[in-house]
Amino acid sequence: MIEEILKLKKEKKVIILAHNYQIPEIQDIADFVGDSLELAKKASEIKDAKIIVFCGVKFMAETAKILSPEKKVLLPDLDAGCPLADMAKYQDVLEMKNKYPDAWIVSYVNTNADVKSITDVCCTSANAEKVVRNVPVKRIIFLPDKNLCWYVKQKVPEKEIICWEGYCFVHRKFNVDELKKAREKYPTAEIIVHPECDPDVQKLADGIYSTSGMIKRAKESNSKIFIIGTEEGLLHRLKKENPDKEFYSLGTGKICPNMKKITIEKLYQSLKEEKYEINLSYDIIEKAKKSLERMLEYI
């Protein structure tokens, strides 16, 4: 199947993108591995590709379509959704926007395309602080992750930030007891966690980073042992890129079942039959693109 995938990829001018949380086999066969926005931007820069196969969850494939509307975007499993993204519904966000007309909606990239279309500016976990600090308003409605919102509030106290009540159920599984035990077991280790983790976990960690931030930190740090507080799929890439260092999950490995739905077989079928295409209306694409483009103005 891997041989067939490589053959089809060449024939059909396909680029395969894989998120950091994908299974190792998918990461290893992908053209690029990264976080959702890094991948979507990478896809828009590659001019000779006609098809993008996005190995991630649905909002990520939608983001790739928004930034590359002329390309066919495939998601190998349509059931690979994101419960966090689904916690911010279009109508609810619209009501909140009407309730606070002077506020800007700042949406984490982990939102569905229709919500991005009514968003003033998007952000990632890596640049959320910078975006919020630089937008030209004092009041912000931040969605959908309340833990990332808490993190931003600590960094930008001068702004009024209203947090949406969404959360990532995977990152919320990391807890203080696990962190304390990890500290006892590996006293020289550097403990780094994702800002989607609960505030109590963030407070006790050595650093708070996005997945791309964790990869950068692991390369630059003099530490030889790292405890990682994010979905366990990232450990594959960390170990691969830093063979001289040790990486362990904070407590038991936390798995996102949606991220693990895409297999080599599903990737092969998607490529072969060009199935599960992401289709968005012109109106949604144009409006959502503005929120993504505006983000670049504020970072």
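At-a-glance table
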read-out: Residue within segment 23-32 that is assigned to a strand (DSSP E or B) and closer than 23 Å to Arg237 by Cα present; value: yes
read-out: Number of the exception - Pro136 against (1) more than 24 Å from Ile299 (Cα to Cα); (2) in a loop (DSSP other than H, G, I, E, B); value: (1)
read-out: Elements of type strands (runs of 3 or more DSSP E) contained in segment 47-117, each with 3 or more residues being of a type in the set (A, V, I, L, M, F, W, C); value: 51-55, 104-108
read-out: Residue within segment 212-225 that is among the aliphatic types (A, V, I, L, M) and closer than 20 Å to Ile29 by Cα present; value: yes
read-out: Residue in segment 223-243 that is within 15 Å of Cys55 (Cβ to Cβ), acidic (Asp, Glu) and not assigned by TED's automatic domain parsing to the domain that holds Lys181 present; value: no
read-out: Failed item in (1) more than 26 Å from Pro83 (Cβ to Cβ); (2) free of Cβ contacts under 8 Å to residues at least 60 places away in the same chain, with Lys203 passing the rest; value: (1)
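Residue-wise test of (1) more than 16 Å from Gly34 (Cβ to Cβ); (2) under 14 Å from the mean Cα position of the chain (by Cα).
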site: Ile191; (1), (2): yes, no
site: His194; (1), (2): no, yes
site: Pro199; (1), (2): yes, no
site: Gln202; (1), (2): yes, no
site: Ser212; (1), (2): no, yes
site: Lys219; (1), (2): no, no
site: Lys224; (1), (2): yes, no
site: Tyr248; (1), (2): yes, no
site: Thr263; (1), (2): yes, no
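The values are calculated or read from the model by the stated rules, or taken from the named source; none is laboratory data. Treat the numbers as computed from the prediction; the structure is a model and nothing was measured. Reconstructed Cβ throughout: ideal geometry from the backbone, glycine too, with neighbour counts over all protein chains shown.
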